[in-house]
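For reference, the structure is listed below as structure tokens.
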Amino acid sequence: MNDFFLIAKVVAVSARDGFVKLKLFTDHPERLYTTKSIFVDFWGNKKKFVIEEILKRGDSYLLKLKNFSTERELQVFVGKEIFLEQKDLPPLEENSFYIHDLVGCKVFCADKFLGIVKDVLSTPANDVLEITDENNTTKLLPFVLKFFDEINPEQKIIFVKEDSGICDDED
């Protein structure tokens with residue numbers, strides 16, 4: 001497993017007070033409020049930055065970093081990915097998974113390869129795995145535990161139950 005986990009991406013510089021706007025990739029945004037530092041990826045190298053303040057405005061999260069306040073200074077962060085160290089992640093309940101652990105998993109039904117998890121979409125009913133196969137076709141798979149035989153994020157592999165109805169050929 002990695003030492004760093006992707007939690008957000010900087011999408012814009014906020015027009016006020018030296019904040020950057022984040023697109024979150026975490027189901028636990030509250031963890032940002034108790035984290036004192038983050039890591040930003042610059043060309044494959046993770047650099048540590050101290051968090052000065054986090055704000056939530058509507059559906060958006062704004063981040064202010066210590067020693068960065070002008071638009072020009074903050075512009076370098078736009079498009080960059082933000083990570084937390086593994087030790088800063090909250091513990092999970094049994095049969096719970098971080099999105100970043102599921103992304104990249106190979107999905108199988110018995111010995112049939114269904115594709116690779118490209119994203120996890122949050123919906124009101126349940127999360128949905130976005131799976132892309134070797135033909136670059138995207139399928140959506142409800143992430144409901146009763147549909148799965150095995151979910152192994154360490155080995156990046158997921159097995160769907162054969163009798164789930166999900167494995168049936170649509171062709």
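The values are calculated or read from the model by the stated rules, or taken from the named source; none is laboratory data. Note that the structure is predicted; figures quoted are calculated from it, not measured. All Cβ positions, glycine included, derive from the backbone under ideal geometry; neighbour counts span all protein chains shown. Note: areas computed on protein heavy atoms with side chains; ligands, DNA, RNA excluded. Shrake-Rupley method; radii C 1.70, N 1.55, O 1.52, S 1.80 Å.
Write down the percent of antiparallel bridges among all DSSP beta bridges whose residues are both part of the chain, to the nearest 5.
Of the beta bridges lying entirely in the chain, close to 90 percent run antiparallel.
For segment 1-120, build the charge dipole from Cβ charges (+1 Lys, Arg; -1 Asp, Glu) around the Cα centre, then report which of LEU84, VAL120, TYR98 sits farthest towards its positive end.
LEU84
State the three equivalent ellipsoid semi-axes of segment 21-118, derived from the C-alpha gyration tensor as the square roots of 5 times its eigenvalues, in descending order and whole Å.
With the √(5λ) rule applied to segment 21-118, the semi-axes are 30, 16, 13 Å.
From the Cα trace of the chain, what convex hull volume per residue do you get, rounded to a whole Å³?
Here the figure is 143 Å³ per residue.
Rounded to the nearest Å, what's the spacing between the alpha carbon centres of segment 1-76 and segment 111-171? Just the number, please.
First find each Cα centre; the distance between them is then 31 Å.
Relative contact order, percent, of the chain when contacts are C-alpha pairs under 8 Å separated by at least 6 residues?
Answer for the chain is 19 percent.
Assigning unit charges at the beta carbon (Lys, Arg +1; Asp, Glu -1) and nothing else, what dipole magnitude in debye, to the nearest 20, does segment 37-81 show about its Cα centre?
120 debye
Select from ILE38, ALA12, LEU22 the residue farthest towards the positive end of the dipole of segment 3-51; place +1 on Cβ of Lys and Arg, -1 on Cβ of Asp and Glu, and compute about the Cα centre.
Working it through, the farthest residue towards the positive pole turns out to be ALA12.
With every protein chain left in place, what is the accessible area of ARG57 in Å² (1.4 Å probe, nearest 10)?
We get 90 Å² for ARG57.
Which of the peptides 92-105, 39-52 is most tightly packed, and how do the rest follow, going by the mean number of other Cβ atoms within 10 Å of each residue?
Final packing ranking: 92-105, 39-52.
What's the magnitude of the charge dipole for segment 79-171 around its Cα centre, counting Lys and Arg as +1 and Asp and Glu as -1 at the beta-carbon? Answer in Debye, nearest 20.
With Lys and Arg at +1 and Asp and Glu at -1, about 280 debye.
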